[in-house]
1. Provide Asp465, Asp427 in ascending order of the number of other Cβ atoms located within 10 Å of each residue's Cβ, fewest first.
2. As a footprinting exposure proxy, order Ser406, Ser299 by other Cβ within 10 Å, with the fewest listed first.
3. Can you find, among Tyr350, Gly323, Ala179, the residue sitting farthest towards the positive end of the charge dipole of segment 161-508, where Lys and Arg contribute +1 and Asp and Glu -1 at Cβ?
4. In whole angstrom, note down how far apart the Cα centers of segment 217-266 and segment 383-431 are.
5. Considering the Cα positions of segment 462-503, please state its Rg to one decimal place and its Dmax as a whole number of Å.
6. Quick one: give the max-minus-min coordinate of the C-alpha atoms of segment 161-508 along each principal axis, largest first, in Å.
7. Kindly write out, for segment 496-509 in residue order, the coupling ³J(HN,Hα) from the Karplus curve 6.51 cos²θ - 1.76 cosθ + 1.60 (θ = phi - 60°), rounded to whole Hz, with x marking Gly and Pro.
8. Which whole-Hz couplings ³J(HN,Hα) result when phi for each residue of segment 244-249 is put into the Karplus expression 6.51 cos²θ - 1.76 cosθ + 1.60, θ = phi - 60°, listed in order with x for Gly and Pro?
Amino acid sequence: MPRRNTTKRFSPSRWAAGLRLAWAALLIVLATTIPARAQHESAADATGKRPQWSPDRRDAVRTARAPQRTAPRASVRFAQTPNNPLHSFPNEELPAVEMPPGYEGDSISIGEEVVGIPDYRASGAPCGPEGCNLDNADPYAPLLGGGGDWLGLLPNYDGRVWAQGDVLLWWTRGSSTPALVTRGTDASLGVLGEPGTKTAFGAENLHDGVRWGGRFSGGYWLDPSFTWGAEANYLFVEQETAGFNETSFGSPVLARPFYNVITGGEDARVIAAGGAVLGEIDINATSRFQGAELLLRRSIARPGPIAPGCAGQGWYAVDLLFGYRFATLQEDLLITERLETAGPTSIDLYDLFDTRSDFHGAELGIATHFQRRRLSIDFLMKLAMGTSYSRVFVGGSTTTTTGGASDVDRGGLLALNTNIGQKDRDDFAIMPELGLSVGYDLTSQLQATFGYTFIYWSNVVRPGDQIDRDINTTYLPNGTPVGAGRPEQKFVTTDFWVQGLNFGLEYRF
């Protein structure tokens, strides 16, 4: 979660050197002010009243006393008391003192001085029983403000810019497929349900294993008060490929099972059997998921640190998110088959099922951040609602080659004239996201994160769901169609989810 930059504090080990410098400075001040004070008292005793200030000196004092609230600078001014020798200062305007950027400070009295300081306790919460002793400060405690020029390449944004990169170790919901390849005997010929027939590929979920990915995000607070921000996010899960390849001279028998609507029972197309046919089958299935967001971030509870560096204390922030979300899921299933006979004749065919789903929607969410010294916890909840555009493409062909001459027919086995083509549709869809992460500040600007993310997407299309196993064999290439055309063109939608672990780094400029 984006947070204000942090300011590094002195460690307790440096206080000894600081105190020695402070004592030396105090001695110098006393050496210069005591003679002036003695002269001031002598003049008062001689005249019976204190000397009057000149108009220029009075203007300088008024300038110093005027409140200066504009961050990141605050003025130092001095109280008008008889014991404060203002007249000993040069007759010029007092300089402004640099204060931590991003604050509008109040004033407190320190001895006889009134010094402008930042209001760290913006929430009004008490500092706590341990107080605000800087001896308790963590040098990397995340405080507001204090951004710097990053390697001289970026201007001083005072912590208003953040960038994060995550390595993803995610799982996706698998895509179901029917039995696509079987092994059998000369008696069973690979027909499902017959003794000796076993499924070689299919009848299982594809793309349900662990997949690597990446997520990149960055943003910018639009105003110095960290009220409005804009951010962009992009994520991807690596393309996964599942496949199967086998070549056989007939032992074992290779076949492609289907349901024959003409005979009303299970059947199979034999690829290799009896040693007379050399058959090869290759299946390739791919899946890829990615998404992006453009969001505005509105702070609704951002008190900042309860106190600077207070041991045992922390701070929290709550932001409202709203904007646009995009996601896409692209998958395909390609089945290629090759048969060679002693003719010599070869038959090459393929069936292709290609699907794509694109989500476009408006998103609303809430992000909370809890910080305690270097440790932090972030919780994210978002809901996007919009349109899921889905497209299903089915293609297939059979190429017969005899004596160097080739003849191409439309249709393979599962993709025939009855279901070949493209179909698309728009459906209402939702895409909620939940996230939980733990962070640790490695430095005042660099944080390591570890977390979990879950994303759900309704109404997507996937290749295995578009396969119709019911085949009217009269519609096969070179056949004479009789009866109802099967397989049918299907358009089946289902749900999709992706979840997993995130490992990342966030840098605040």
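Any read-out appearing in this document is the output of simple, stated calculations on the displayed coordinates, not a laboratory observation. Remember, predicted model here, so these are calculated numbers, not experimental data. Don't worry about glycine lacking a Cβ; one is built from the backbone with ideal geometry, like all the others, and counts go over all protein chains shown.
1. Lowest count first: Asp427, Asp465.
2. Ser406, Ser299
3. Gly323
4. Centre-to-centre (Cα) distance: 17 Å.
5. When restricted to the Cα atoms of segment 462-503, Rg and Dmax are 17.7, 59 Å.
6. 87, 38, 36
7. 9, 9, 9, 8, x, 9, 10, 10, x, 10, 10, 10, 10, 8
8. Once rounded to whole Hz, the list reads 8, 8, 7, 10, 9, 9.
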